[in-house]
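Asks: Can you keep this structure in mind? I'll have questions shortly.
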Amino acid sequence: MNHILLLFGLYFIQGLPYGVQTGFLPVYLRSKGISLASVGAFKLLLLPWFLKGLWAPLVDRFASKASWLRGSVAAMFVTCLFISCIHPDDTAVLCALLFLFNLFSATQDVAVDGLAIQLLDGAELGAGNTAQVVGYKSGAVMASGLTAVEQTLGWTGVFAALAAVYFAALLVLQGRVKDGECTSPDGQTKGDKSARDDYKGHQSALRNVHAEVMNTEGTVWVAVFVLIYKLGEQGAVSLFPLFLLDGGTSAVEVSFWSGVLGMGASIVGSTWGGVLLSTYRYTLCGLA
């Protein structure tokens, strides 16, 4: 259970940048009169999340997961401090810092996923998946709700509060995750080298599964359908809060309905899915 709580916390702080970019920032910028096109262009700052596979092998090969985690969290702490010190009208500096914020968060994601492989056994996969999804979305919900905080504390207060969260996470990491090794569920010590050896075996199996899936009839058409669906969904989800704002709804109400309440429903569904997976895991595997 301690492993699950640790992973939940790590995925929680990993969801904060996403909530800032997709929940807090668009509403904040639009409320200040920024055009819809400019607000949409800020989504390009999420690019590190799409490209993280390029440097993921470096995270796996060099140093320990603990070192990467502490380094990325410390970098996000410093980045939030810098953002709290600038004026949001300084667009170039703001974009550069937000890009770094996403870069460090994406790197943390790679390290946390590697840590999860080390910590969890087969019986904990359902709970671990729930901790991942619910923790990430909970962080996004909290960040989306920062609009209300901004009304009281201002821009500086919002990012100073985020910096405090990352500083607290850094203190937890110092005591809970050791360099080069983690304690596995059976009580044995499992080092990063052992985890890398296991990971190589998993990679080989995944390549076989990938080839089998791609050779299955209809896979390409399903992939195209999902891509088109997600493009439409993301477009609607991104623009709907801004249309509400333009229609006279207050920024706090928009953040609550589209961010907190909307993501809250997603969290309930993700939690229920994790419960089903944990309870009926072997039954579902038999059906497959």
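Asks: Quick one: net charge around ALA143, please, counting Lys, Arg +1 and Asp, Glu -1 for every other residue with C-beta under 12 Å from its C-beta.
Replies: So the surrounding residues net to 0.
Asks: For the stretch 67-159, what is the charge dipole size about the Cα centre, in debye to the nearest 20, if Lys and Arg each add +1 at the Cβ and Asp and Glu each add -1 at the Cβ? All intermediate terms of the calculation are to be shown ahead of the outcome.
Replies: On the way: 2 positive and 7 negative charges, 17 e Å.
That gives the stretch 67-159 a dipole magnitude of about 80 debye.
Asks: Quick check on packing: order 251-257, 51-57 by the mean number of other C-beta atoms within 10 Å, highest mean leading.
Replies: Result, highest mean Cβ count within 10 Å first: 251-257, 51-57.
Asks: Also, I was wondering about something else. Once you wrap a convex hull around the alpha carbon atoms of the stretch 46-87, what is its projected area averaged over all directions, in nm²?
Replies: If I average the Cα hull's projected area over directions, I get 3.6 nm².
Asks: Would you kindly work out the equivalent ellipsoid of the stretch 1-144 from its C-alpha gyration tensor and give its semi-axes, the square roots of five times the eigenvalues, largest first in whole Å?
Replies: Equivalent ellipsoid of the stretch 1-144: 29, 17, 13 Å, largest first.
Asks: Keeping all protein chains in position, work out how much accessible area CYS85 exposes to a 1.4 Å probe, and write it in Å² to the nearest 10.
Replies: Here the accessible area works out near 110 Å².
Asks: Give, as a single signed number, the net charge of other residues whose beta carbon lies under 15 Å from the beta carbon of LEU16, with Lys and Arg counted +1 and Asp and Glu -1.
Replies: Numbers: positive: LYS137; negative: ASP109, GLU150.
So the environment of LEU16 carries a net charge of -1.
The values are calculated or read from the model by the stated rules, or taken from the named source; none is laboratory data. Values in this document were obtained by computation on a predicted structure and should not be read as measured data. No Cβ is skipped: glycine too gets one built from the backbone with ideal geometry, and neighbour counts run over all protein chains shown. Each accessible area value is taken on the protein alone, full model and side chains, heavy atoms only, with ligands, DNA and RNA left out. Shrake-Rupley method; radii C 1.70, N 1.55, O 1.52, S 1.80 Å.
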